[in-house]
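Every number in this text was worked out from the coordinates using simple rules, so none of it is lab data. If you're wondering where the values come from, they're calculated on a predicted model, not measured in any experiment. Counting neighbours? That spans all protein chains shown, and the Cβs are built from the backbone with ideal geometry, glycine included.
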Amino acid sequence: MMIQASAGFGMLYRLDLTKAAMELLSVLIERQESGGEVNASQAQLAARVGLSINSVNTAMALLESRKLVLRPETRKYRTYYLHPYVASYDSQEEMEEAIGEASERIAAGELPDISAPLYETAPPKRQPQAPLRAIRAAG
């Protein structure tokens, strides 16, 4: 059984993720190896989530833009890495070491921090629509 790091989960509500991105993140967390490496094609991920490949591609781009999913510089085919703050580990010691190293790398500018969108004001809330009502036809 792996131990899930939760440092990044406390801010998920601030990341403005779509439902598809949240579902994809859940599948990536489920499929990861210790340390956060995920080896899967977008077709495999799409089949697991029940989305089209285009939807998975869009959701993956959002997860990457928020730095929850990191890709190797070589963009190695089928390889994704979960940010160390949301990855799972084989032991408490391994997790503590990885989180400590990640914090140092973030401070040194070598690893991006999970990034929430910065709004000067909160995005507008969806306005409730007025109920529909029947109108008599003229004539």
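Quick notes on this structure:
- Nitroxide proxy distance, nm - points 7 Å out along Cα→Cβ at Asp90 and Thr74: 2.3 nm
- Relative protection proxy for 11-18, 84-91, from highest mean packing down: 84-91, 11-18 (other beta-carbon atoms within 10 angstrom).
- For segment 24-69, the fraction of alpha-carbon pairs lying more than 11 Å apart is 64 percent, rounded to a whole number.
- For segment 38-98, the Stokes-Einstein estimate of translational diffusion at 37 °C and a viscosity of 0.692 mPa s comes to 259 µm²/s, using the Kirkwood hydrodynamic radius over alpha-carbon pairs.
- Residues with amide H under 5 Å from that of Leu82, placed H, sequence gap 5 or more: Glu37, Val38, Leu70
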